[in-house]
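Before any comments, here is the structure.
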Amino acid sequence: MSSPQLPDSLGIVTDEVADGVEALQEATRMLAGVALRSVDVLEGAVSLPQLRVLAVLADLGQARSARVATALGLEPSTITRLVDRLVAAGHVTRAMDPTNRSAVILELTGSGRHLVADVAAWRQAELRRILLRLAPGDRITLTTAVRQLIKAAGEGYGPIPRGPVPL
């Protein structure tokens, strides 16, 4: 017979936390898989890094390229290279900021908005399919727990477009 686990210095049972961390790592892999598969919907129209730029612009609207770089946690030169390809493909427009000639303003075109919408629609459908495999009570429990987890994570994680935006 095994002895019961004792709480650590914070009063948390160690095995419980370890099980939670393992479950979260598995959920992260599953959600990352959904995100990666959603890019396949675009049939090579853009790469995952380019899609991240499009998604940030969808959240921010018209924005300076430096703001997009900050939101993605990337260097401005990296954004410039990514945006060059997106502009050439017709998914983003680039213009000089009339208030600051050294700043560049980026904005999605209709084509760019369409790509972001296609990916979002596919993800929503796939997540719905997965959720519908759960019993109704389990879906409610999961929804509550995920919202609590996002709140516990704090700023910089979850649906806050001001910090680095994962995609």
* Structure fact -> Expressed in nanometres to one decimal, the distance between label points 7 Å along Cα→Cβ at Y157 and S47 is 2.9 nm
* To do: Within 10 Å, count the other beta carbons around each residue, average over each peptide in 16-26, 110-120, 87-97, and list them highest first.
  => 110-120, 87-97, 16-26
* Using per-residue counts of other Cβ atoms within 10 Å, averaged over each peptide, order 125-136, 73-84, 55-66 from highest down. => 55-66, 73-84, 125-136
* Scan around T109 for amide H atoms under 5 Å from its own, H built in the peptide plane at 1.01 Å from N, and keep only partners 5 or more places away or cross-chain. => V92, T93
* Asked: In percent, how large is the relative contact order of the chain, given Cα pairs closer than 8 Å and 6 or more residues apart?
  -> 24 percent
* Contour minus Cα-Cα distance for A89 and A117 (0.36 nm per residue) -> 8.4 nm
* Structure fact -> Taking r as the C-beta separation of L134 and Q62 and R0 as 25 Å, the FRET efficiency to the nearest 0.05 is 0.05
* Structure fact -> For D40 and D19, extending 7 Å from Cα along the Cα-Cβ vector and measuring point to point gives, in nm, a value of 3.3 nm
* Across 5 Å bins from 0, what is the distribution of all Cα-Cα pair distances for the chain, in whole percents? -> 1, 7, 13, 16, 16, 13, 10, 8, 6, 4, 3, 1, 1, 0, 0
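Here, each number is a calculation from the coordinates, and none is a lab measurement. As the structure is a computational prediction, the values presented were derived from the model and not from experiment. So basically every Cβ, Gly included, is an ideal-geometry build from the backbone, and we count neighbours across all protein chains shown.
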